[in-house]
């Protein structure tokens, strides 16, 4: 089956049919002096995984979408992160049983992006609005075979966060270090002042490795899709992580990564004073440790000593997509929902106020409510200001359908052995890339 | 007499030609009608997937497309080149050995204790030991992730109170398997003890009494009467344990956060199948893992039953 494209013609045809049916029914109704017929009741089923995104989409439906489509009901099933991808994969293989729409995380999208893509292409519908979107966050991650299959709403600029209160007590300024080396030097001072550490290094995810590597110009894959995760730059980056762990400046992430209960417990305890994350990670910080409101600050990433380095890197993100199992009468309202969420000022700003996510829809950036919003969790800093600065120098990692295999292999054979067991970084990365070639 | 005969003729049903098709075949077909609900479900949800997945295992599939037919290449690659599959089998074997040599003796000891007439609150004790078995594997994994946590974990906290340095249970390739075995003990010792307990209660008390009257010690009674008579239960429990070891998935998968542990130290065959099929979208290869694993489990079970038959003859 060829990839499906939801073209203007498709929509015109469906809309015309719907209009004609409604008009005809209306005339009949008038002639017969019967009550006006109701518009067809349509139910859209969406599968999603993130509470904050569900709240946002439901708010868009309630505030804007319902006015235009009072006959459409949106049901969003909240499915645990990993289960969602398994379920989607199963229904796509089966050819039925799937939802009309789905929220697709960037990293997982890549596994659906080869061969027949099980979503509707949206290029024709997006049209000229593409010029109003930050391509690297809104469209590029969901592009395959030259078509765009999803729209992402958030510019995922990774920022550095630091505990301003605790650093001030030590007489330190978390905004001061401009390079990773200077940051490590501050780590020595933090260590000397007590039990606290500079930062956590995760050994059960390759997130930090990828962010720090991409930030300084490296990548897991080159532009042709060849694995380059064992480059000199990659080895230097992993060795740097190992060094600050070995020196006691950094600690291994409790629970293995920055998404575990143990990690948030350490965060609450003030066990570490710096961490990195995209704006969506701010939601995790707030949800898990609301009592730390006002204690954190945000800043740009430090660069590297050789003067190389971007001030931010794209990480994560989620896009809305229409599956190829969507029923025909749901296509138009489904697209309209995507449009209202992602390609209107109202939807984009609602996402920002509810989630702190900088919209990929750039006209929304002109809105005063966006520019002036202060975030009390970060001492009333202006998230828009910091994310603008980050977006100006944000770099995006090269995408690859085998990204998941690469990441799993790197964690297993490089990140964990190097950080936990003290293995050699270059040798471990070489072994990981060799294994990746076998597994892919 | 004649009138009686004509009465009989009157009650004979119309000629065969007038009996409906259903009427003629009803007796033959009724059993199949009753069986149909099960058979249909079985064919659709078991037989068809089994056949289809075997066909899948002969293809190279890495997307939603049908894939390319490659014969036995997936199997050959698995057996001759895939060190990770080999590692998963080794891990399952280690876990299986722990099941046989740690879990079962403990379960038997527990069953003997629960069977003791001097034990008070026996029902409560049985229920308590059985609870882990009926607790959700997800809940168990989440609890043990906290128990084994290096910095804040309960276990390291207890060990620290007696001066033992924190152990990286879930981070170290050396400690990951012991951690998984400990979880296995916690879950299955109680349920296996109940199997043994059921077996113990079928052993006639008179046999033991007679031996004791003849001067046999308690150890001698256990060694010569109790344990030999528990052989069917032991075979059953060991067989289940070995099969369970090769099909272990949820506990290891969740305990190690969806991973295979440091350096694949707790990678299990089913987890490898899941990783290749769902995470990596190598559906044909994952199907081959499933088939090969089935063959291995069947072979191990057959060998095991043959060994037990030899044991039985002794």
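What follows is calculated from the coordinates using simple rules that are stated; it is not laboratory data. Remember, predicted model here, so these are calculated numbers, not experimental data. Note that each Cβ is placed from the backbone with ideal geometry, even for glycine, and that neighbours are counted across all protein chains shown.
The table below gives the values:
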item	result
Share of pairwise Cα separations in the stretch B:212-276, more than 14 Å, in percent	68
Relative contact order (%) - criterion: Cα under 8 Å, at least six apart; region: chain B	26
P(r), alpha carbons of the stretch A:106-247 - 5 Å bins starting at zero, rounded %	2, 8, 14, 15, 14, 13, 11, 9, 7, 5, 2, 0
Degrees between helix B:173-200 axis and first principal axis of chain B (Cα, 0 to 90, nearest 10)	50
CD proxy at 222 nm, helix term only [per DSSP H run n ≥ 4: -39500 (n - 2.57); per residue of chain A; nearest 500]	-13000 deg cm²/dmol
Per-residue mean of C-beta atoms belonging to partner chains within 10 Å, peptide A:405-414	3
Relative contact order (%) - criterion: Cα under 8 Å, at least six apart; region: chain A	23
Rounded Å value of the spacing that divides the Cα centres of the stretch B:195-244 and the stretch A:167-189	68
Average projection area in nm² (convex hull over Cα atoms of the stretch A:211-260, one quarter of hull surface)	4.3
Alpha-carbon gyration tensor eigenvalues x 5, square-rooted, for the stretch B:45-173, Å	42, 24, 16
Scaled radius of gyration (Cα, divided by 2.2 N^0.38 Å) that the stretch A:293-440 gives	1.40
Inter-chain Cβ neighbour average for residues B:149-159, partner chain, 10 Å	3
Percent of beta bridges antiparallel (DSSP, the protein assembly as shown, rounded to nearest 5)	60
Per-residue average of Cβ from other chains inside 10 Å of A:86-92	2
Percent of alpha-carbon pairs separated by more than 34 Å within the protein assembly as shown	60
Folded to 0 to 90 degrees: helix A:8-31 orientation relative to chain A principal axis, Cα	40
For the stretch B:96-173 versus the stretch A:227-290, the gap between their alpha-carbon centres in whole angstrom	31
Whole-Å semi-axes of the stretch B:82-313's equivalent ellipsoid (Cα gyration tensor)	35, 25, 14
Relative contact order of the stretch A:242-378, defined on C-alpha pairs under 8 angstrom at six or more residues apart (%)	21
Degrees between helix B:231-246 axis and first principal axis of chain B (Cα, 0 to 90, nearest 10)	80
Ellipsoid semi-axes in whole angstrom, largest first, where each is sqrt(5λ) of the Cα gyration tensor of chain A	43, 25, 18
Percent of Cα pairs exceeding the 17 Å cut-off, where the set is the stretch B:172-307	70
